[in-house]
Amino acid sequence: MYAIVEIAGQQFKVERGNKVYVHRLEANEGAKVEFDRVLLLDNDGKISVGNPTVEGAKVAATVIAHVKGDKVIIFKKKRRKGYQKWNNHRQSFTQILIQGVLGKGETVKDELTATRVVRTQGMRPKAIEVAEVEPAAVVEEAPVKKAPKKAAAKKAAKKKED
C-alpha cells in the first residue's frame, strides 16, 4: 500500500516504514503528525485518485529529527567589472518516519520506532544514522578508542628499545 501525499508544498510517494526528508515542519522531535492531502492511494492494486484529494485518507508519521541539508554555494561574477558576490545557503529539513497509509476510518496498528545512533570518531560526531528497531530492543554503543598521537607513539617505541 502506498500513497502520493502533499507535504509542505511538495509531493512524495510514501509507504509504511519509509524515511522521508521534507521541508522544515513546526513539530518537535518524536511528535506524531498526520497529513490529509493524499492525492493518490494504492491499496494492493486498487487505485483511488483524488479530486483534488482522496476523501478520508491520511498518512501518519513520526518526526525523527530536524537537520540541515548540504551547503549550496551561490557565486555571481561579471568579468572586467570588478563585481563578485559570494553567498551560501543550507536548507532546513525534517526527517519523518511513515507509520502508515490510512484509508477512511483506519488507524495505525503497531507503531514503528526509530532510535538515533551517533557514531563518533574522536571528539566530533561524524555521521548520524537512524535505524528502525523493535520497541523492546536496546541499542548499545561501543566506546571509540582514540589513536595514540605520533609523539607519544615515538616515546613508547624509544622506551621499548632502551
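Bear in mind that the values in this text are calculations on the coordinates, not laboratory data. Owing to the predicted nature of the structure, the values given are computational and were not obtained by experimental measurement. Here Cβ is always computed from backbone atoms with ideal geometry, including for glycine, and neighbour counts include all displayed protein chains.
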What does a probe at Ser92 reach in the range 10-53, counting residues whose amide N is under 14 Å from the point 7 Å along Cα→Cβ?
22-29
Let me make sure I get this right: for the range 1-72, a, b and c are the square roots of the gyration tensor eigenvalues over alpha carbons, sorted descending. Under 1.5 in a/c it's rounded, otherwise prolate if a/b > b/c, else oblate. Which is it?
prolate
Hand me the GluC sites (Glu not before Pro) from the range 17-68 located in a DSSP loop with no more than 14 other Cβ atoms within 10 Å, in residue order please.
Glu26, Glu29, Glu55
Extension length gain for Thr53 and Asp36 (0.36 nm per residue less Cα distance), in nm, is 5.3 nm
Which of the trypsin sites (Lys or Arg not before Pro) across the range 1-79 are loop residues per DSSP, with 12 or fewer other Cβ within 10 Å?
Arg79
